[in-house]
1. What is the antiparallel percent of DSSP beta bridges lying wholly in the chain, to the nearest 5?
2. What lysines could a cross-link reach from Lys736, if we take a straight Cα to Cα line under 18 Å and drop same-chain neighbours fewer than 8 places away?
3. Calculated FRET efficiency, Glu335 and Gln400, Cβ-Cβ r, R0 60 Å, to nearest 0.05?
4. Skip the ligands, DNA and RNA, and give the accessible area per residue of the chain with a 1.4 Å probe, whole Å².
5. I'd like the orientation of helix 82-95 relative to the chain: the angle between its Cα long axis and the longest Cα principal axis, in ° from 0 to 90, rounded to 10.
6. Rounded to the nearest 0.05, what FRET efficiency do Ser625 and Lys604 have when you use their Cβ-Cβ distance and R0 = 25 Å?
7. Counting other Cβ atoms within 10 Å of each Cβ, which trypsin sites (Lys or Arg not before Pro) in segment 38-141 have at most 12 and sit in a DSSP loop?
8. Evaluate the distance, in nm, between pseudo-label points positioned 7 Å from the Cα of Asp473 and of Thr690 along their respective Cα→Cβ axes.
Amino acid sequence: MTHTYKLLPLLLLSFAIFKMSAQETIPEVEALLSEMTLDEKIGQLNLLTPGGGIATGSVVSENVEAKIKAGQVGGLFGVSGPEKVRQAQEIAIKNSRLKIPLLIGSDIIHGYKTTYPIPLGVASSWNMELIESAAKMAAKEATADGINWNFSPMVDISRDARWGRISEGSGEDPYLGSAIATAMVKGYQGKDLKNAYTMMATVKHLALYGAVEAGRDYNSVDMSKVKMYNQYLPPYQAAVDAGVGSAMTSFNDIDGIPATGNKWLITDLLRKQWGFKGFVVSDYTSVNEMMAHGLGDLQAVSAQSLNAGLDMDMVGEGFLTTLKKSVQEGKVTEEAITNACRRILTAKYQLGLFDDPYKYSDTSRPEKDILTAENRLAARKIATQSFVLLKNENNVLPLQKDAKIALVGPLANDKNNMLGTWAPTGDPQLSIPVLEGLKNVAPNAQISYAKGANITNDTELAKRANVFGLRVDIDTRTPDTMLSEALRNSKDADVIVAVVGEASEFAGEAASRTDISIPQSQKKLIHALVETGKPIVLVLFSGRPLTISEEFNLPISILQVWNPGVEAGNAIADVLFGDYNPSGKLTASWPRNVGQIPIYHSMKNTGRPAPTHEFEKFKSNYLDSEISPLFPFGYGLSYTSFEYSEITLDKNILKQGESINVSVKVKNTGNFDGEEVVQLYLKDEVRSITAPVRQLKGFQKIFLKKGASKTVTITLSANDLKFYNSELKFVAEPGKFKVFVGGNSNAEISAEFELE
């Protein structure tokens, strides 16, 4: 089984038919626009949430039913279930003057009811077919529950693990992030948005949200356009090239102007440069929040947002309450409102809502399409491919299925933290905890369980993490009592499996942290377990890269499992017992300590580059730490081992318009069948602006039986060598290039070629 990913063909070819049709004028939409009053057009720009459903923000809309009847609502979110969705549509169809159906949106971030791993975990699979299938499954479930519009994928590049929402994205790399954005849009939208099993996707958050200062949510971003175009914007553009139907603005400012009111971003870049034909929605009350940015009152910021190109106002109702007055005062034109309305009506037409407003209200679908055995099995498979083996001390893994196992840790038998952050549509109580999973997969194993410690003993931190329900349960027993129980539990075991890490709401929106280490309560448990002298496997939960230098230096094995979703325990057991050989690779570098942040593989050299593992005065390094990450981008071990041959090139001179084949032989030299992600990195030796040390430019995920080998070929075109120069021109400059191929971004095998 081989999966090959070259981004350029995907971006050029995906959804070409869909994009062409999106550019056409739709007579039905134009006819409807000609009948609409100014008030009715403004009403279509209003997105509300009635409350009582899926909570994604702190504000709930009022008098929603009356506003729908008055034609003052274009869409709803936080409503689910075919009956409830039908009721909402009936209010619009039977009571409003023009009978315009509603968009029904939701945050389907990593599965609907069948929750699979957080996006940072799914990205670690490096398997685009798997990622596309996961999005397709989520769309099938969500549409069965009445939802036709998804606020996903989030494609924000982030190099700062303090930022809680790094969990929702694909990591630090624009090339990989672009491939994942393409796969997710394809999965959600399919080839025909009128198909009742597909839904409209939303690329978010436009733009640069992952680069907020200090890793603090909603914070400011200050970045050069060269850095934007080369390192942060590509995944958004990839989603546009894949035909994404809508885009959502971010909370941060760009060049001093909040994204929601930024005309350069929404109109000049998104629409004119990239050719986006869909509609743009604000994030939750981000129009209103421009007042806190200091840009004026609600009327002023609403007018600025509309004039910038924003089409739909989420929850804040600034458009609904001020735009008519702004038209009368000449601050906005009715034409601008008409254009925004046209884009929203076009989306509804593309979804087939004018043909059948109740197409997503089939009451027979939930039972046959949601949380099925087939879907749970798929979620289990997705989870196993997301896990990253960070360390395998003395090859203790995989475990024997008849072993005596002491299972300890605050996350070992805790359903509340299996799904992960931003799983508002999932039910934690339907998840499989680790204890249950081990028993399911290895019924002959002798498993004893003890909690051992709290996730944290900090009551204030626990309170903040429990906003969406109990995630941190501080035991009534003392920490010493729990620790003693765990040590007694471990006395006769062959191996200790310690399940530790972050509570699910330690990451996610409004969940930034300055301390991204394992909480002290759990550190004490880990050290006490090490003192037993038993083999220890650390099963590590988190929504972000953690600083685990201390734990890495202990004689323990470490399996990173993120938050695996509804099938968590079964998937973890599959990997621990060797039913699946872990193949995940990190998509974000793991810092040695928080002081290294931001850290990422494509950093630039300075004029005084430092040796990686040595200190040298007057070089760009630290007095108290190495400059390299603890785990590099692309890192991940296997139960087997892989050997790479030397690189061969089919030519040494590449001309414009040509391509070059980079080949390497990979052999499975270990004792297990396994998968390897073969990664290709490029270094531009000389160019007009400073270049990254290396950049990911291709990868293949291959399966090899033990002892088998395969020649892997990745093709580079001259277009793959292009970058945005200081004039923001996309160019490939003649000169020397070096390619590296290997199992992570520290790949050492290299070859050189020249572009003429």
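1. 55 percent
2. Of all the lysines, those that pass the test against Lys736 - Cα under 18 Å, at least 8 places apart if same chain - are Lys604, Lys651, Lys655, Lys683, Lys697, Lys722.
3. It comes to 0.25.
4. Values: 27730 Å² over 756 residues.
Roughly 37 Å² per residue, with all protein chains present.
5. Helix 82-95 sits at roughly 20 degrees to that axis.
6. Working: r = 19 Å, r/R0 = 0.78.
My answer for the efficiency is 0.80.
7. Details: sites: Lys41, Lys67, Lys69, Lys84, Arg86, Lys94, Arg97, Lys99, Lys113, Lys136, Lys140; in loops: Arg97, Lys99, Lys113.
Answer in residue order: Arg97.
8. Distance between the two pseudo-spin positions: 5.1 nm.
The values are calculated or read from the model by the stated rules, or taken from the named source; none is laboratory data. These figures come from a predicted structure and were not determined experimentally. Positions of Cβ are backbone-derived with ideal geometry, glycine not excepted, and every protein chain shown enters the neighbour counts. The area values use the complete protein model at the heavy-atom level, side chains included, leaving out ligands, DNA and RNA. Shrake-Rupley method; radii C 1.70, N 1.55, O 1.52, S 1.80 Å.
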